[in-house]
Amino acid sequence: MDHPYLQSTLREMHSMLQSRRLWLTFLAVLAIFILTGPFGTSETMSFADRLLYWTIVQGGSWGIAISFAIIAKTLLAGHINSILARMMAGSLAASLPIGLLLTVTNHVFYGREIDLVSFLKSGLTSLPLCAIFCLLSYLTARQTLETPAEVIVAADGGAGHDIKSTAPLLERLPPQKRGDLLRLSVQDHYTEIVTTRGRQLVLLRFVDALREIGDTPGLQVHRSHWVAHANVISLRKAAGRFYIVTHDGTEIPVSRSRNAAVQACFATPAHTR
């Protein structure tokens, strides 16, 4: 349960399931199928049977398609840039388990044989439905699924550095807070993660958080603080002690044992004041 991919998938699935628009869309589609009785169900089934049949088919199909779409969105992130394309690939792959669901459901309600031909036929039939499920899910939960990087605004009103990061640590954050990594700080038994999209306390040892910063250039300036290089605007000295000043005006203390490393990294005319 501690794998970052699994955590990311479960968080995004949870966020999607909290989307009111997604549930309203699902219920609207379900109601249309129950009332109109497509694919001959209006002639062969009573209203009660259609209610049960389409609830099983639609609920199961949506659940499988969305699960595959979210998994593909996470696993294919390094290969396909488009979120919709990644989700569509996963949703279309879901046609096989959905085909199995349709085959079993039709066997229960119609007594049809369960064989390879009917399974493949049901899977092929579900392909366009999978694409529709994915598109509707993406459109209704787009704000949750997309977390574009932002540019930090410096204290003087100018744009700060655009920090690009692939830190695995970001997978521990809610989707809406996954921006570029700015700094980490110890807060009791938690690590505070600050990004361009907000801050979050995570129950994680600081040393473990440092292992998950990925390729983000930065420096541990104190036993309780780490800061990304591009988030530093100046190095200030007061009362014999150095402080890192970040783009949002936060002053981070520098431990004496790390003075040399910090000065070597940030003691330039552009940083020192």
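Do we find that L210 is modelled with pLDDT under 90, aliphatic (A, V, I, L, M) and surrounded by fewer than 19 Cβ atoms within 10 Å (Cβ to Cβ) in this structure?
no
Could you tell me whether the stretch 179-193 includes any residue that is touching a helix residue (DSSP H, G or I) at 6+ places or on another chain (Cβ under 8 Å), open to solvent by 30 Å² or more (accessible area, probe 1.4 Å) and outside any loop (DSSP other than H, G, I, E, B)?
Yes, the stretch 179-193 contains a residue that is touching a helix residue (DSSP H, G or I) at 6+ places or on another chain (Cβ under 8 Å), open to solvent by 30 Å² or more (accessible area, probe 1.4 Å) and outside any loop (DSSP other than H, G, I, E, B).
Name every residue in the stretch 61-96 that is polar (S, T, N, Q) and assigned to a helix (DSSP H, G or I), in order of residue number. Give the derivation first.
Of the stretch 61-96, the ones polar (S, T, N, Q) are 61, 67, 74, 81-82, 91, 95.
Result: S61, S67, T74, S91, S95.
Without any contact (Cβ under 8 Å) to a residue 40 or more places away in the chain and buried (at least 16 other Cβ atoms within 10 Å of the Cβ): does that describe W62?
No; evaluated as a whole, the condition is false for this residue.
Identify the residue in the stretch 213-240 that is of a type in the set (K, R) and at pLDDT below 90 and, among all such residues, is least open to solvent (accessible area, probe 1.4 Å).
Filtering the stretch 213-240 for residues that are of a type in the set (K, R) and at pLDDT below 90, the one least open to solvent (accessible area, probe 1.4 Å) comes out as R236.
Could you please give the count of residues in the stretch 90-125 that are closer than 14 Å to I66 by Cα and not hydrophobic (A, V, I, L, M, F, W, C)?
Residues in the stretch 90-125 being closer than 14 Å to I66 by Cα and not hydrophobic (A, V, I, L, M, F, W, C): 4 in total.
Which residue is surrounded by the most Cβ atoms within 10 Å (Cβ to Cβ), if the candidates are limited to the stretch 71-112 and must be in contact with a Ser or Thr (Cβ under 6 Å, 6 or more places away or on another chain) and closer than 17 Å to L127 by Cα?
Taking the candidates together, the pick is I98.
So how many residues does the stretch 243-266 have that are open to solvent by 30 Å² or more (accessible area, probe 1.4 Å) and either assigned to a loop (DSSP other than H, G, I, E, B) or among the aromatic types (F, W, Y) (or both)?
4
The values are calculated or read from the model by the stated rules, or taken from the named source; none is laboratory data. Here the structure is a predicted model, which is why all the values come from computation and not from measurement. Ideal geometry is used to build each Cβ from the backbone, glycine not excepted, and the neighbour counts take in all protein chains shown. For the accessible areas, the whole protein counts, side chains as well, though only heavy atoms, and no ligand, DNA or RNA atoms are used. Shrake-Rupley method; radii C 1.70, N 1.55, O 1.52, S 1.80 Å.
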